[in-house]
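Heads up: the structure comes next, in structure tokens.
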Amino acid sequence: MKIFIRNSIILAVWLVLFIGCASAPEGPAYTLSFDKPLYDKDNTVSLSTWMSYTAYIRSDMDAFYKATPDGQYHKKYMTEYEARLSMIEFYQKIRKDPNFKNMKGNQYIDEMIQIKDAGYFKEYVYFSFNDNTWEMPDGLDKEKYDEYMKSSLPNHKGLTLATVSRG
């Protein structure tokens, strides 16, 4: 039963992504790339969670290329922020499902939840994933964020295990 549910979740996420790509034949094609460890059979929850991240970014790319077909897409801060929040929400829903109570969790996503719950998620996204194209949002407190990370999660590294590219 658990394998059926796990496979159903993977199929559902892939169908959403596939149908989304197939429903706009005149728009750009996308390549979704996932780091190899996500394909481990015990990593279904993590893979599905990273799929939700790519779906959010792909949606933002669709809007960008619809408005600017020949433009060069650069992920905005709020897109990264919202994509990672969507990962957390998806992950938390799956983890609450009784069918997944014994499935392997994900330390990285659990640590992102810890950062979010501590109130430093905006800082985390900005200071961990900024490619030097983002303007700093108002209200970020780097000193308190750094202090929190040093005391609570000193070995945490920001990860991006999935990407979306045009073509």
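The values are calculated or read from the model by the stated rules, or taken from the named source; none is laboratory data. Since the model is a prediction, treat every value here as computed from it, not as a measurement. Don't worry about glycine lacking a Cβ; one is built from the backbone with ideal geometry, like all the others, and counts go over all protein chains shown. We work out accessible area using only protein heavy atoms, side chains counted, and drop any ligands, DNA or RNA first. Shrake-Rupley method; radii C 1.70, N 1.55, O 1.52, S 1.80 Å.
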Quiz prompt | Candidate set from region 145-163 (those that are within 13 Å of residue 110 (Cα to Cα) and aliphatic (A, V, I, L, M)); member that is most open to solvent (accessible area, probe 1.4 Å) | solution = 159
Exercise. Identify all residues within region 115-144 that are β-branched (Val, Ile, Thr) and open to solvent by less than 50 Å² (accessible area, probe 1.4 Å); write none if there are none.
Key: 115, 125
Quiz item: Hey, among 91, 53, 73, which residue is among the aromatic types (Phe, Trp, Tyr), outside any strand (DSSP E or B) and more than 30 Å from residue 152 (Cβ to Cβ)?
Solution: 73
Quiz item: Within region 79-88, can one find any residue that is out of contact with any Leu (no Cβ under 9 Å at 6 or more places or on another chain), over 25 Å from residue 157 (Cβ atoms) and not aliphatic (A, V, I, L, M)?
Solution: no
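For (1) open to solvent by 70 Å² or more (accessible area, probe 1.4 Å); (2) modelled with pLDDT under 90; (3) in contact with a Ser or Thr (Cβ under 9 Å, 6 or more places away or on another chain), each residue gets a yes or a no:
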| site | (1), (2), (3) |
| --- | --- |
| 6 | no, yes, yes |
| 9 | no, yes, yes |
| 13 | no, yes, yes |
| 64 | no, no, no |
| 96 | yes, yes, no |
| 103 | no, yes, yes |
| 112 | no, no, no |
Quiz prompt | Any hit, region 47-55, residues being open to solvent by 40 Å² or more (accessible area, probe 1.4 Å), of a type in the set (A, V, I, L, M) and modelled with pLDDT of 65 or more | solution = no
